[in-house]
1. Considering every pair of different Cα atoms, what Kirkwood radius, in Å, is found for region B:199-290?
2. Mind sorting D:F78, D:F115, D:F254 by how few other Cβ atoms lie within 10 Å of their own Cβ, fewest first?
3. Suppose we keep just the alpha-carbon trace of region B:1-147; what are its Rg and Dmax in angstrom?
4. Pairs of alpha-carbon atoms within less than 8 angstrom and 6+ residues apart define the contacts here; what relative contact order does chain D have, in percent?
5. Could you identify which residue out of B:E274, B:E13, B:E160 has the top mean-square fluctuation in a GNM of chain B using Cα springs shorter than 10 Å?
6. What do you get when you divide the Cα radius of gyration of region C:242-290 by 2.2 N^0.38 Å, with N the number of residues?
7. Post the alpha-carbon centroid distance, region D:229-290 to region C:229-288, in whole angstrom.
8. In degrees between 0 and 90, to the nearest 10, how far off the longest principal axis of chain D does helix D:216-230 point, with axes built from Cα atoms?
Protein chains: 4
Amino acid sequence: MVILGPNRYGKAETRVVRVTRHGDAHHIKDLNVSTSLSGDMEEVHLSGDNAAVLATDTQKNTVYAFARKHGIGAIEDFALLLARHFVDSQPTIHHARVAIEEYAWERNAEAGHSFVRSGRETRICVAHYDGTRAWVVSGLTGLVVLNTTNSEFWGYIKDEYTTLPETRDRILATAVDATWRHAVPDPGEAADWDKSYDAARQALLAAFAGTYSLSLQQTLYAMGSRVLADCPGVCEVRLSLPNRHHFLVDLSPFGLDNDGEVYFAADRPYGLIEGTVLREDAPDAGPAWS
Amino acid sequence: MVILGPNRYGKAETRVVRVTRHGDAHHIKDLNVSTSLSGDMEEVHLSGDNAAVLATDTQKNTVYAFARKHGIGAIEDFALLLARHFVDSQPTIHHARVAIEEYAWERNAEAGHSFVRSGRETRICVAHYDGTRAWVVSGLTGLVVLNTTNSEFWGYIKDEYTTLPETRDRILATAVDATWRHAVPDPGEAADWDKSYDAARQALLAAFAGTYSLSLQQTLYAMGSRVLADCPGVCEVRLSLPNRHHFLVDLSPFGLDNDGEVYFAADRPYGLIEGTVLREDAPDAGPAWS
Amino acid sequence: MVILGPNRYGKAETRVVRVTRHGDAHHIKDLNVSTSLSGDMEEVHLSGDNAAVLATDTQKNTVYAFARKHGIGAIEDFALLLARHFVDSQPTIHHARVAIEEYAWERNAEAGHSFVRSGRETRICVAHYDGTRAWVVSGLTGLVVLNTTNSEFWGYIKDEYTTLPETRDRILATAVDATWRHAVPDPGEAADWDKSYDAARQALLAAFAGTYSLSLQQTLYAMGSRVLADCPGVCEVRLSLPNRHHFLVDLSPFGLDNDGEVYFAADRPYGLIEGTVLREDAPDAGPAWS
Amino acid sequence: MVILGPNRYGKAETRVVRVTRHGDAHHIKDLNVSTSLSGDMEEVHLSGDNAAVLATDTQKNTVYAFARKHGIGAIEDFALLLARHFVDSQPTIHHARVAIEEYAWERNAEAGHSFVRSGRETRICVAHYDGTRAWVVSGLTGLVVLNTTNSEFWGYIKDEYTTLPETRDRILATAVDATWRHAVPDPGEAADWDKSYDAARQALLAAFAGTYSLSLQQTLYAMGSRVLADCPGVCEVRLSLPNRHHFLVDLSPFGLDNDGEVYFAADRPYGLIEGTVLREDAPDAGPAWS
């Protein structure tokens, strides 16, 4: 007997740019919005009857219409707004997931209408809503950081396949993917998402710079802990840290020493350290991470 | 009180090519192997003490050494072999996850030593082992398919944001990402992984071609069901199907009709249909999908 | 005194899919078309006066309208058709360049309406037309090939920075980017473009497999020569061959030999061999390669 | 009669990171170096005799050794240093091309050893040397800019395939790829490359922001002219500007106006404007752009 398991459907990567004009000083929000809905979807899978389906094209239209009607503030607010709308307005939709990426722009000189894309990390969020409760995860991706020193790696297991020499000084570099769960998603405190984001980002950077590292796991834990320490509303942090290996080049064949000066930045393979740091009393995550 | 939650670490994307030479007829296996280990990792996170850590560099070495010692048959077997080794040989490692991608090559003419990369979909697998039990998921990614007809879409909800016209004939195209869980991963029946893969791939293609589709969800369910029908060892199928929209171009401004002849292949946004089809009596998935 | 130098403008990457239905047997052509025009463009650069400009949006529309009106046969014919149209219909446009990529699809089983993208190399062409003469270059990109033996590399310069050991047996692998210029582009012989493409592709594969290689340059020259030998209409071949290094893994620390069995497929850096092979009496290339 | 035409070979994408430590204040240079050599290469192509070949592996080693011996200042200097070395030290090498990309990093807070990759545009250069003369092109890629207003597009040709409505106000956005040729590459004025780069970058940004645009061509010409005006050593500028279309979304079906507030950021197709701005008395470019 074959049955339908978990499922969802939606419109992925709706690219919306919202311009706000205050006289000559313009502001832009540049987002990539992905919506996913679940609900009474047995029939559409079994017979193709679409009566319960809010078309993905309609979801896209809603993103654009809401950008016009409500403006776009913090992406967490916009995600919640959309998620609540889909579930509350459609009897057949019982759960919505809205994921948003935001690309940062900076002003191009003093011109109020001209912008340069900053290229720094992408801010992200995922909001879930089930008709009663909401969950919000915030985060960032692609924050590339590097320490030229204060990193060691030694004392690990030596088995028959181990050849790596221990080191008391190495480059430590990674591209931070970090997401953090808010204990109480309350769209009423809208003004706080941006502040919370800045604090979390700052905590990640400060912990990366400030940790004398004996392993990337130690750095990961320090980064997660710092976010929890600096952001009271956050109850859980998840980090995925690729170890962007920088290998010291052996220059001895050329009669040259290399005391931490010339490195080869390798692509693959790479170490990948994934971990979670959370408060002991963090509420149940529910669907937050899905 | 802050605590360490779920974590794992390993070496991602070890690229190994294994050549086997039977006289003039050579064979190649071209893999991308990612290993992840978990276990007694409190200390490395809290203090940077690496005594429990099998270095990711060692994991990489093991992949290469095992490719030499054991050869590479079906990727599921190679993944299980590695996963068992890490857990069984290291007291501090309690769980291993090994994910493998395989790139297909075809013979270049009759030359026994010359090959052309096929470019078709990538075969994948993920094996878990916890010291006692094993779980195996197989799959493929990037199988791009298109039907020029036998696809309709109508009867969906019309709300105030709906503008999409109903259609009784459209192109249906997707890039299939499919993974399927085996009920009983038994490395003893090694010869079966390849047969099972071919049957599942064939089932996906046949169901896509053979389903008269009223929605991509219906097609998804038909594809999943067909895999279950044709592969007795499989108990659950997960599918992620981006709807690669092909929009009929409006040529009426140029005095031309367009009765299903000229389409614009769009990039973003795209519909994304995700779903699971499983046997009612499928055993618990455990960590299989993580 | 500042002046305007060479310039062109156009619509890049118009994605067009053309379906032809012969009863139940459908056919598809899947193209990515980029058009570039040049002509009386001083004013648009200096003052922004667009009187001489055929909008890039119009160029896109033309691609779609022509796909409907004329169908799509060989991409070289479609490129020439478009190039001639832009120059011949617009007094201000004196030169057109049309570049096309074609993605190959195969039938999905016996179903006349169902297709699988083959994933093999992309066929490409570039056509130029200046109101009088036309030039056509055909080619392919992303044809990945590998020989497990019959490749050596030794006898090269040894300077103070040379550490590479000589080898009498190595893997030779590359991703072929090849383009070839036709001596006489005659749209009248439309039927021949496909035959010529198949012959050139086959020549590249056969020469790669059949050349016992002492250097990738030697293989490159053999591939180019073979295309010229097998395709009488071709007068010049350009090849760009990245050397996709496969390094033999040193397994001696693990007490294992490695006699050509286990390789590491490296990403960067990579050798890059670029070269041209042509007939001594090849006509002047004009703008063909630009 | 088949002959060998233009050719070159080298090592592409050697990734080198150079650390300089002044007490606690560290500095890093993060480069991607590609070298290409030409010379007496008939034999290697015809017979595979490598006697004239400086192995690409040796070229890579040289990059690392030079980074140690000479340090890395402006990338133009490092490129010239390498190019001169290859030609001057090897009798069989008559021409060298060295292309470098540089990734920018910023300090992570006050920590002297911690850095964040800035993510902004990539600085590039290409140096050529033929044993007597040198040529240097500098540039940048991936500088993404957007104006929310001060852009119109009207007055273009209307032919039978034109449907685009004229507009008196639109978003203008592009990802600037710009390269500029120096009239006199003199490695003696090393200190000037960085100043010249900053001036050119600033000129591009200022001209983009400051030009009231009637077409992207006009903006392109203004950008190129401004670089020439602000950088006396530069004699020619080449720009490639994809028109990153932002389409105003039609919200009228939802009873909403949209007076320049909500835009859809499109991917493909896109306009592509390419052009050259140069001094009338610019010296011959020779191989500079190849």
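All of the numbers you see were taken from the coordinates with simple rules; none came from a lab. Just so you know, these numbers come straight off a predicted model, no measurement behind them. We place every Cβ from the backbone using ideal geometry, glycine too, and count neighbours over all the protein chains shown.
1. 15.6 Å
2. Ordered by Cβ neighbours within 10 Å, fewest first: D:F254, D:F115, D:F78.
3. In Å, with Rg to one decimal and Dmax whole: 18.0, 67.
4. Numbers: 555 pairs, mean separation 38.3, N = 290.
Value for chain D: 13 percent.
5. In the Gaussian network model the winner is B:E160.
6. Values: Rg = 20.3 Å, N = 49, 2.2 N^0.38 = 9.7 Å.
So region C:242-290 has a normalised radius of gyration of 2.10.
7. 35 Å
8. That helix lies at roughly 50 degrees to the long axis.
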